1. Which residue, Thr402, Trp88, Leu21, has the largest displacement toward the positive end of the dipole of the chain when charges sit on each Cβ (Lys, Arg +1; Asp, Glu -1)?
2. Charges only on Cβ, +1 for Lys and Arg, -1 for Asp and Glu: so what's the dipole of the range 180-307 about the Cα centre, in debye to the nearest 20?
3. Rounded to the nearest Å, what's the spacing between the alpha carbon centres of the range 64-134 and the range 137-168? Just the number, please.
4. Cβ under 15 Å from Ser374's Cβ, Ser374 left aside: what net charge do those residues give with Lys, Arg +1 and Asp, Glu -1?
5. What does the net charge come to around Tyr255 if you take all other residues with beta carbon closer than 10 Å to its beta carbon, with K and R at +1 and D and E at -1?
6. How charged is the neighbourhood of Pro291? Take every other residue with its Cβ under 12 Å from the Cβ of Pro291, and add Lys/Arg as +1 and Asp/Glu as -1.
7. Output ³J(HN,Hα) for the range 208-225: one whole-Hz value per residue in order, computed from phi by the Karplus curve 6.51 cos²θ - 1.76 cosθ + 1.60 with θ = phi - 60°, and x for Gly and Pro.
8. Looking at Thr71, Ala370, His385, which one has the Cα that reaches farthest to the positive end of the dipole of the chain (charges on Cβ: Lys, Arg +1; Asp, Glu -1)?
Amino acid sequence: MTDDVALLLRRAGFGPTADELQAARRAGFAATLAALTAPTGPDIGATRAPVPQLGPDPYAGTPQPTPAQQTEADGRRRAQAIVLSQWWLDRMTVADHQAAEKLTFFWHGHWATSIVKVKSPQLMLAQHRTLRESRDFRDMAHRMIVDPALVYWLDGQLNSREAPNENLAREFFELFTLGLGRYTESDVQQAGRALTGWRIDLGAQRSVFDPRRHHDGVSTILGVTGRFTADRLVDLALAQPACPRFVAGRLWHRYGSSTRPIPERTREAMAAAYPDPLSMLRALLADEAFPTTRATMVKQPVEWLVGALRQLGLRPAALPPETVVGLLDGLGGLGQRPFAPPSVGGWPAGAAWLTSAAARLKLSLAGKLASRLSPERLTPEAVAHLLCVETWTDRTYEVLRTAGNSRLMLTLGLVSPEYQVT
């Protein structure tokens with residue numbers, strides 16, 4: 001089961017350290033899976049990365065800023081956004097509860113919301129707390145439907161009884177709870193009316209309901225007729241048999257295989273564990289289909305970077321500011337900067353991350369990481385051990401063997417196919 005244990009750690013978390021992999025191999029697959037998906041006690045490692053105190057949004061209380069005030073506020077927001085992104089990368093790196101931490105990143109891509117449009121780091125942090133602290137998927141859906149960052153991202157603050165906006169309702173059905181083909185255009189239109197009346201209080205960092213702007217008439221949604229609020233709409237969507245099956249499929253796409261469809265047996269086992277996300281993840285990772293997915297997943301840029309940081313013993317919090325900015329800009333160049341998914345559909349998967357431009361940029365980023373170390377004379381075997389790679393192909397081994405120095409060897413190992421594909 002050695003290979004299965006390594007696969008489990010790579011997929012469930014951001015990438016094990018050599019010591020973590022060795023300990024997991026001693027414990028075995030079943031015990032490792034249990035520890036990952038049912039962690040006990042507080043996350044001691046994560047306490048080393050306390051949540052940043054951003055203070056109020058620079059625009060709170062200044063609805064009509066002067067040009068000078070706007071320039072100053074925009075600069076503060078940019079600085080706060082860097083602090084926020086650095087903090088989360090640091091927490092991903094030091095967290096002991098790796099499966100829970102990576103699941104938070106999964107939900108960020110599921111309820112994809114971008115600071116590029118939202119602009120407020122405070123609203124993005126508030127959403128992050130919701131994703132991290134929700135008890136289960138049901139609780140999360142109820143909280144997210146009125147989350148101020150998501151509401152703003154999908155124009156929900158413009159949604160009124162006089163001018164219903166369907167964006168949030170459509171994505172709620174299609175991307176968040178049910179999937180295509182499980183609703184009609186009429187359902188979207190009527191659900192849009194159910195979500196009218198919400199506006200954003202930037203100072204309080206929350207959405208506020210204004211009943212005067214809410215459509216309180218009778219609607220028919222998903223075959224049910226009545227007067228709908230946001231909460232009742234969520235209850236109706238979550239009651240559909242398609243919901244747990246849809247969530248299972250989304251988890252499979254990120255943890256199982258982005259190229260192979262989820263087996264029906266696996267989907268049913270995961271749906272039976274709904275609505276608890278870690279239980280659903282445990283059902284996926286314990287399923288007999290999981291080991292057959294080896295070498296079908298490409299690490300997302302954030303997975304790749306955080307895994308490298310963990311294995312090299314580096315922390316974003318301990319890096320010079322200019323290095324952190326370089327890493328964040330590099331992630332942006334690769335197409336996956338935290339808090340900035342490209343669309344409401346989230347980030348791509350699979351071979352989309354293996355372009356020639358991405359290869360050049362990863363080589364540069366890997367070199368920056370390797371330059372932070374002063375490694376002793378390494379061998380290809382030592383690099384494999386450090387990066388938790390099971391084995392090199394003959395071609396990669398020869399490239400590493402002929403590298404001129406240990407830092408270059410480490411850099412090349414980080415961009416190798418064996419490291420990037422799991």
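Read-outs: derived from the displayed coordinates by stated rules, not from any lab. None of the values given here were measured: they were computed from a predicted structure. When we count neighbours, we look across all protein chains shown, and the Cβ atoms used for this are built from the backbone with ideal geometry, even at glycine.
1. Final value for the positive-end residue is Thr402.
2. For this selection, approximately 200 debye.
3. Rounded to whole Å, the Cα centres lie 18 Å apart.
4. +3
5. +4
6. Its environment carries a net charge of -2.
7. 10, 8, 10, x, 5, 9, 8, 7, 10, x, 7, 10, 10, 10, 6, x, 10, 10
8. Thr71
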